[in-house]
Amino acid sequence: VFATVFVEYLRVMGGTVDAGIAAIAAICFVFTLNFGLFGIVVSDNVGIQLSQLLRVANDIGDGKFDTNVHSTRADEIGKLFSSVDDMRISLREAIADAENAKQDAEAARAEAERMNTNLLNHADEIGEAMEHAAAGDFTVQLETETDIEAIERILSAYNEMSSDLSDTLDDLHE
């Protein structure tokens, strides 16, 4: 439609149709060239941004969570950068939480091992005192100061029992 109107305009104005067609072709060529250059600039910018995002993703994959993730774009590419940044922050926090939990678990394991060793030592002491009591020696008194309340009660009860048995035997011998 545009070409037909343009050709009629050229006839009225006294120009040749061949010159008009050449002018239309030149205009189309210039528009195509401009759109092509625009496409190259836009696609190259997207390519650069995606390359940056790929570098950031590789850094995050390598454990480098302090990598700069930023884009000034307000389109989908900018939203993608923002999402990757949110993911980076979440991963960094999750890894920090996991490391803290690991340290807490190691501390709890060490405490459990310490308590187990302490319990075994007290069990040996109680066993030796009971062997003495079985042999008739009720003079063995156990140290009742400990950081385990249940063991402290057992030690106190043993001391009281051995003292009572010793008093009873003394009374019987008199």
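The values are calculated or read from the model by the stated rules, or taken from the named source; none is laboratory data. Just so you know, these numbers come straight off a predicted model, no measurement behind them. Cβ placement follows ideal geometry from the backbone for every residue including glycine, while neighbour counts extend to all protein chains displayed. SASA here: full protein model, heavy atoms, side chains in, ligands and nucleic acids out. Shrake-Rupley method; radii C 1.70, N 1.55, O 1.52, S 1.80 Å.
Sort through Gly78, Gly136, Gly127 and tell me the only one that's outside any loop (DSSP other than H, G, I, E, B), open to solvent by less than 50 Å² (accessible area, probe 1.4 Å) and within 30 Å of Leu169 (Cα to Cα).
Gly127
Mind counting the residues in segment 36-61 that are loosely packed, with under 11 Cβ neighbours inside 10 Å, of a type outside the set (Gly, Ala, Ser) and either at pLDDT 80 or above or within 12 Å of Phe81 (Cα to Cα) (or both)?
1
Scan segment 145-168 and tell me whether some residue there is open to solvent by less than 100 Å² (accessible area, probe 1.4 Å), not acidic (Asp, Glu) and not in a helix (DSSP H, G or I).
Among the residues of segment 145-168, at least one is open to solvent by less than 100 Å² (accessible area, probe 1.4 Å), not acidic (Asp, Glu) and not in a helix (DSSP H, G or I), which makes the answer yes.
Among the residues that make up segment 87-100, is at least one of them at pLDDT below 85 and of a type outside the set (A, V, I, L, M)?
yes
Is one or more of the residues making up segment 149-160 more than 30 Å from Gly61 (Cβ to Cβ), out of contact with any Phe, Trp or Tyr (no Cβ under 8 Å at 6 or more places or on another chain), touching a residue at least 24 places away in the same chain (Cβ under 8 Å) and among the β-branched types (Val, Ile, Thr)?
yes
Consider Gln141 against the criteria (1) in a helix (DSSP H, G or I); (2) open to solvent by 70 Å² or more (accessible area, probe 1.4 Å): it satisfies all of them except one. Which criterion is unmet?
With (1) in a helix (DSSP H, G or I); (2) open to solvent by 70 Å² or more (accessible area, probe 1.4 Å) applied to Gln141, the lone miss is (1).
Within 28 Å of Glu111 (Cα to Cα) and among the charged types (D, E, K, R): which single residue out of Glu143, Glu174, Glu160 fits that description?
Testing whether each residue is within 28 Å of Glu111 (Cα to Cα) and among the charged types (D, E, K, R) leaves just Glu143.
So Glu113 fits all but one of (1) exposed (fewer than 11 other Cβ atoms within 10 Å of the Cβ); (2) of a type in the set (Asp, Glu); (3) more than 30 Å from Glu152 (Cα to Cα); what number is the exception?
Of everything listed in (1) exposed (fewer than 11 other Cβ atoms within 10 Å of the Cβ); (2) of a type in the set (Asp, Glu); (3) more than 30 Å from Glu152 (Cα to Cα), Glu113 misses just condition (3).
Within segment 86-110, count every residue that is charged (D, E, K, R) and either open to solvent by less than 60 Å² (accessible area, probe 1.4 Å) or touching a Pro at 6+ places or on another chain (Cβ under 6 Å) (or both).
Number of matching residues: 1.
Considering only residues that are among the aromatic types (Phe, Trp, Tyr) and modelled with pLDDT of 85 or more, which ones fall in segment 124-159? First the steps, then the outcome.
Quick first cut of segment 124-159, residues among the aromatic types (Phe, Trp, Tyr) only: 138, 158.
The answer is Tyr158, and nothing else.
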